[in-house]
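Taking it in order: structure first as structure tokens, then the write-up.
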Amino acid sequence: MNKKDTNNSATAIGAASPHVFTPLPYAENALEPIITAKTISFHYGKHHKGYVDNLNKLIAGTEYADLSLEKIITSTAERPERIAIFNNAAQTWNHTFYWNSLTPNGGGEPPAALMQKIEASFGSVDDCKKELANAAVSQFGSGWAWLVLDGGVLKVVKTANANIPMTMGFTPLLTIDVWEHAYYLDYQNRRVDYANAVLDELINWEFALQNAS
């Protein structure tokens, strides 16, 4: 799948059950050397696939069986008795969104329309990237750093574990996965190096713009 197909991948996030293990929008080695094929093979092929498989098992024969992924997430959020379904549904969504937040030869300067929003909200692209990197590095334990739209304003937020900005009323634009399996094979404990490399070389500003439109 090439870069112009990214929006189709994002649309597929909400497909109804049985939920599909969405193909990567690029080859497993396409993000090297920033993220290696070895990391992708474990992260995508084991972790992401595991969430999809677990979700389909958990919702089989339940009231969630025919719901979209987004509806499952919003219906199970803040319900402790449904935490397993929420975690696997949210992680399925989060990972598909993460893969589309990255692109080979990414980074650089955002498209003009997104640049205007970034400058209005953060002052500069560099300041936006600094906030995203800080969110990624300062998230204690596993979680995610997000660029989100809150009304007409861009913000950076971080979430723990499987939590997701849509349940907080925000529109996610892009994300950086800071679970250890996202970077440890390549960066060990140097999460800051991983976050900065992603922002400089892989972040998919076009995807963010699509989600902000």
Please state which one of 162, 195 is within 15 Å of residue 98 (Cβ to Cβ) and in a loop (DSSP other than H, G, I, E, B). 162
Which of the residues spanning region 20-45 are assigned to a helix (DSSP H, G or I) and touching a helix residue (DSSP H, G or I) at 6+ places or on another chain (Cβ under 8 Å)? 38, 39, 42, 43, 44
So which of 153, 198, 137, 192 is outside the structural domain of residue 74 (by TED's automatic domain parsing), closer than 19 Å to residue 32 by Cβ, aliphatic (A, V, I, L, M) and touching a residue at least 24 places away in the same chain (Cβ under 8 Å)? 198
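Could you go through region 121-132 and let me know if any residue there is over 17 Å from residue 212 (Cβ atoms), buried (at least 18 other Cβ atoms within 10 Å of the Cβ) and among the aromatic types (Phe, Trp, Tyr).
Looking for residues that are over 17 Å from residue 212 (Cβ atoms), buried (at least 18 other Cβ atoms within 10 Å of the Cβ) and among the aromatic types (Phe, Trp, Tyr), one finds none in region 121-132, hence no.
Being under 30 Å from residue 72 (Cβ atoms) and surrounded by fewer than 22 Cβ atoms within 10 Å (Cβ to Cβ) is true for just one of 149, 102. Which residue is that?
After ruling out the rest, the residue left standing is 149.
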Is it the case that residue 56 is outside the structural domain of residue 204 (by TED's automatic domain parsing), under 24 Å from residue 197 (Cβ atoms) and at pLDDT 95 or above? no
Residue in region 79-114 that is nearest to residue 27 (Cα to Cα), counting only those that are of a type in the set (A, V, I, L, M) and touching a residue at least 12 places away in the same chain (Cβ under 8 Å): 102
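Can you tell me which residue in region 165-183 is farthest from residue 124 (Cα to Cα), limited to those that are in a helix (DSSP H, G or I) and in contact with a helix residue (DSSP H, G or I) (Cβ under 8 Å, 6 or more places away or on another chain)? Give the steps one after another, and end with the answer.
Here is the first cut: in region 165-183, the ones in a helix (DSSP H, G or I) are 165-168, 180-182.
Within this subset, residues satisfying the condition of being in contact with a helix residue (DSSP H, G or I) (Cβ under 8 Å, 6 or more places away or on another chain) are 166-167, 181-182.
Details: 166: 25, 167: 28, 181: 31, 182: 27 Å.
Among those residues, the one meeting the criterion is 181.
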Out of 92, 74, I need the residue that is assigned to a helix (DSSP H, G or I), of a type outside the set (Asp, Glu) and in contact with a Leu (Cβ under 6 Å, 6 or more places away or on another chain). Which one? 92
Among residues of region 142-188, those that are modelled with pLDDT under 95 and small (Gly, Ala, Ser), counted: 3
State yes or no: is residue 125 touching a helix residue (DSSP H, G or I) at 6+ places or on another chain (Cβ under 8 Å), closer than 18 Å to residue 102 by Cβ, free of Cβ contacts under 8 Å to residues at least 24 places away in the same chain and not assigned by TED's automatic domain parsing to the domain that holds residue 88? yes
Note down all Cβ pairs under 6 Å where the first residue falls in region 23-45 and is modelled with pLDDT under 95, the second is crowded, with 18+ Cβ neighbours inside 10 Å, and they're at least six residues apart or on different chains. none
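The values are calculated or read from the model by the stated rules, or taken from the named source; none is laboratory data. Note that the structure is a prediction, hence the values are computed from the model and not measured. All Cβ positions, glycine included, derive from the backbone under ideal geometry; neighbour counts span all protein chains shown.
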